[in-house]
Amino acid sequence: MNINVISVFPEILESSFKGLTGKAIEKNIAKLKLIDLKEFSNNDYGSIDDAPYGGGEGMVLGIEPLEKSLNTIEKPGHVICLTPQGTVFNQTKAVDLSKLKDLTFVCGRYEGIDQRFIDNYVDEEISIGDYVLSGGEIAASVVIDAILRNIDDVIGNKHSVYRDSHSEGKLKGHVYTRPSDHQGKKVPEILLSGDHKKVNEWKLANSLWVTKEKRPDLFKQLQLSEKEMILLRQYGDFVKKKHD
Ligand code: 6GU
């Protein structure tokens, strides 16, 4: 996958491409190109933004530097603008985008991007949630990380991608490691039993329970099977007994 990022502060992205993303780059699974928008000013002052027509707060990124920087990319592919006005990103979107070969991210800054650039060149606008960040760079790192995790061989154990939170519309459940008893707080007994069928049932029930408690909005969307409903009910009874 070829990923291009156009940004006023590409150095913000550099540091985040070390962990998982760094590995993907090392393995030649992803190629990353950071483009510094500051190099594409079209005036003597070197600026790439200007005051908004009609007045108002802040500065708007101009169409000309954006267009010039985009034109340096051989194959921009699918062009995504990161902005709080975009569609909210989720796991389904991450999986869909992970199938593309060429992706270009344009990071918004200041008070926005000239609408004509968006109209002419941008395929979609993405936001990472309902809050405002100072710029799209951190959002781009978030989106790129979430996309790369879904490409074969990026994560050592491909299986873990499927068990991740959100991949099946429910959250990952509780996990434990040694010691099995920490000052009287014990790991759930079933996990130590070695009975794989029981362990998997517990994991499923626990994951459904966690989703129901923490994200009732996601839980409502789930279509539970008869068996899942029974497991969840048993798990609920167990939790209730512990608290009685
Ligand atoms: Cl993509 N950009 C900015 N500036 N703020 C955001 C965002 C993006 N997503 C949520 N808030």
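Side notes on the structure shown:
- Cβ separations smaller than 6 Å between residues 6+ apart or across chains give the following pairs from region 167-180 residues that are touching a residue at least 12 places away in the same chain (Cβ under 8 Å) to residues that are in a loop (DSSP other than H, G, I, E, B) and surrounded by 13 or more Cβ atoms within 10 Å (Cβ to Cβ): Gly169/Leu222; Leu171/Ser165; Lys172/Ser165; Tyr176/Val187; Ser180/Val187.
- Pair list, Cβ < 6 Å and 6+ apart or interchain, from region 133-158 residues that are closer than 17 Å to Ala30 by Cβ to residues that are within 16 Å of the ligand (Cβ to nearest atom) and polar (S, T, N, Q): Ser141/Ser16
- Only one of Asp119, Asp145 that is closer than 20 Å to Leu20 by Cβ, in a helix (DSSP H, G or I) and either in contact with a helix residue (DSSP H, G or I) (Cβ under 8 Å, 6 or more places away or on another chain) or not polar (S, T, N, Q) (or both): Asp145
- Restricting Thr83, Thr87, Thr104, Thr92 to residues that are part of a strand (DSSP E or B), surrounded by fewer than 20 Cβ atoms within 10 Å (Cβ to Cβ) and either polar (S, T, N, Q) or not assigned by TED's automatic domain parsing to the domain that holds Ala30 (or both) narrows the list to Thr87.
- Pick from region 113-146, criterion in contact with a Leu (Cβ under 9 Å, 6 or more places away or on another chain) and more than 9 Å from the ligand (Cβ to nearest atom), ranking: farthest from Ser69 (Cα to Cα): Ala146
- Count of residues meeting criterion [within 16 Å of the ligand (Cβ to nearest atom), within 20 Å of Glu39 (Cβ to Cβ) and either out of contact with any Pro (no Cβ under 7 Å at 6 or more places or on another chain) or not hydroxyl-bearing (Ser, Thr, Tyr) (or both)] in region 70-112: 9
- In region 40-63, the residues that are buried (at least 16 other Cβ atoms within 10 Å of the Cβ) and more than 16 Å from the ligand (Cβ to nearest atom): Phe40, Ser41, Ile48, Gly62, Ile63
- The listed residues are Gly62, Gly22, Gly58, Gly54, and the only one of them that is within 21 Å of the chain's Cα centre (by Cα) and in the same structural domain as Val143 (by TED's automatic domain parsing) turns out to be Gly22.
- Residue in region 50-58 that is under 30 Å from Ser98 (Cα atoms) and either out of contact with any Cys (no Cβ under 9 Å at 6 or more places or on another chain) or not charged (D, E, K, R) (or both) present: no
- Residue within region 210-218 that is in a helix (DSSP H, G or I), within 24 Å of Val187 (Cα to Cα), out of contact with any helix residue (DSSP H, G or I) (no Cβ under 9 Å at 6 or more places or on another chain) and assigned by TED's automatic domain parsing to the domain that holds Gly169 present: yes
- Long-range neighbours under 8 Å by Cβ, at least six apart or interchain, first residue assigned by TED's automatic domain parsing to the domain that holds Gly169 and assigned to a helix (DSSP H, G or I) within region 223-237, second surrounded by 11 or more Cβ atoms within 10 Å (Cβ to Cβ) and among the charged types (D, E, K, R): Leu231/Glu201; Leu232/Lys212
- When the residues of region 79-118 are filtered to those that are among the small types (Gly, Ala, Ser) and at pLDDT 95 or above, the one that is nearest to Val143 (Cα to Cα) is Ala94.
The values are calculated or read from the model by the stated rules, or taken from the named source; none is laboratory data. This is a predicted model, so every value here is computed, not measured. Counting neighbours? That spans all protein chains shown, and the Cβs are built from the backbone with ideal geometry, glycine included.
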